[in-house]
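Report on the structure given below.
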Amino acid sequence: METTKWLRAQAQNGDADAQFRLGYRLRFSRRPELRDHGGAVRMWAAASSHGHPRAQFYLGISYDLGVGVARNLGKAVHYYRLAAKNGHDVAKYNLARCYLNGEGVRPNARVGVALLRQAAELSNVDAQRDLGFHLHEGVGVRRNYAEAAHWYSQAAAAGDPKAQWNLGLCYLSGEGIEASRRRAVVWIRRAAAKGHRASKHWLRANVRSAL
């Protein structure tokens, strides 16, 4: 078992992974009295300087939320970008949202969607769902119903209720996929079972014994 003392010793010797894990322990300890958010940020900054992707991501989160450090969306974008370049899928997704919403960076829907695609291809479910939406609506990318349905299907199969609802709507309309009311109801039921409100309302209005 790795003790905090052992991790500190390894971290002081420049072990980037130990620096990351010590930071994680300081940030998320189950014992509140042992948490040290500022110390976590310092450890992640040290690991980040060695190119540690997860440390870069959590450092971005820290600046994004202002936990252990003053909130700074520009620095959050900086560290998300570093982690994204190192292949961190959630950093790619968060960076995409920054570009799409203009948080810490000038808004750029095209760049945002490109980052969503990168994260989606790494099996990030949130990115798959959001990429489907952007493709369906033609925001930041040329509208493509078939590809939108594909990404909705990926996220829906992974259990995302919003994607399940959207996929159900695609089956109802036949946009990008062969129309099938039966399949639409299957996916909308799955979304409703997870508490998705629009799905519940649609089932009550359109299907007997909906729930």
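Which residues, counting only those in segment 98-147, are within 17 Å of Cys170 (Cβ to Cβ), in contact with a His (Cβ under 8 Å, 6 or more places away or on another chain) and among the small types (Gly, Ala, Ser)?
Matches in segment 98-147: Gly132 only.
Report yes if Ala210 is of a type in the set (Gly, Ala, Ser) and at pLDDT below 95, otherwise no.
Yes.
Could you tell me how many of the residues in segment 63-76 are out of contact with any Asp or Glu (no Cβ under 7 Å at 6 or more places or on another chain) and surrounded by fewer than 20 Cβ atoms within 10 Å (Cβ to Cβ)?
Qualifying residue count, segment 63-76: 9.
Among all residue pairs at least 6 apart or on different chains, which show Cβ distances below 6 Å where the first residue, located in segment 104-117, is surrounded by 17 or more Cβ atoms within 10 Å (Cβ to Cβ) and the second is basic (Lys, Arg)?
Leu115/Lys92
Hey, does segment 192-208 have a residue that's buried (at least 22 other Cβ atoms within 10 Å of the Cβ), among the polar types (S, T, N, Q) and within 18 Å of Tyr99 (Cα to Cα)?
No.
Under 7 Å between Cβ atoms, which residue pairs at least 6 apart in sequence (or on different chains) link something in segment 188-201 that is among the hydroxyl-bearing types (Ser, Thr, Tyr) with a partner that is at pLDDT 95 or above?
If the second residue must be at pLDDT 95 or above, the pairs left are Ser199/Trp165; Ser199/Ile188; Ser199/Ala191; Ser199/Ala192.
Tell me yes or no: at least one residue of segment 95-102 is farther than 23 Å from Gly51 by Cα, without any contact (Cβ under 8 Å) to a residue 12 or more places away in the chain and surrounded by fewer than 20 Cβ atoms within 10 Å (Cβ to Cβ).
Yes - at least one qualifying residue is present in segment 95-102.
Looking at Gly104, Gly87, Gly66, which is the one that is out of contact with any helix residue (DSSP H, G or I) (no Cβ under 8 Å at 6 or more places or on another chain) and at positive phi? First the steps, then the outcome.
Details: Gly104 fails: out of contact with any helix residue (DSSP H, G or I) (no Cβ under 8 Å at 6 or more places or on another chain); Gly87 fails: out of contact with any helix residue (DSSP H, G or I) (no Cβ under 8 Å at 6 or more places or on another chain).
Result of the check over Gly104, Gly87, Gly66: Gly66.
Given the options Arg129, Arg142, Arg106, name the one that is within 24 Å of Asp64 (Cβ to Cβ) and either more than 18 Å from the chain's Cα centre (by Cα) or hydroxyl-bearing (Ser, Thr, Tyr) (or both).
None of the other options fit; the residue is Arg106.
Just to confirm my filter: which helices (runs of 4 or more DSSP H) fall fully inside segment 12-109 and include at least 1 residues that are within 30 Å of Arg129 (Cβ to Cβ) and out of contact with any Lys or Arg (no Cβ under 9 Å at 6 or more places or on another chain)?
Counting at least 1 such residues, we get 37-48, 53-65, 73-85, 89-101.
Can you pull out the residues in segment 154-167 that are assigned to a helix (DSSP H, G or I), of a type in the set (Gly, Ala, Ser) and surrounded by fewer than 24 Cβ atoms within 10 Å (Cβ to Cβ)?
Selection gives Ala157 alone.
Residues are listed down the side, and each one gets a yes or a no for (1) closer than 20 Å to Lys200 by Cα; (2) free of Cβ contacts under 8 Å to residues at least 60 places away in the same chain; (3) charged (D, E, K, R); (4) assigned to a helix (DSSP H, G or I):
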residue	(1), (2), (3), (4)
Leu131	no, yes, no, yes
Ala146	no, yes, no, yes
Ala149	no, yes, no, yes
Tyr152	yes, yes, no, yes
Leu169	yes, yes, no, yes
Arg183	yes, yes, yes, yes
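The values are calculated or read from the model by the stated rules, or taken from the named source; none is laboratory data. Predicted model, so just to flag it, every value in this text is computed and none were measured. Glycine also receives a Cβ, built like all others from the backbone with ideal geometry; neighbour counts cover every protein chain displayed.
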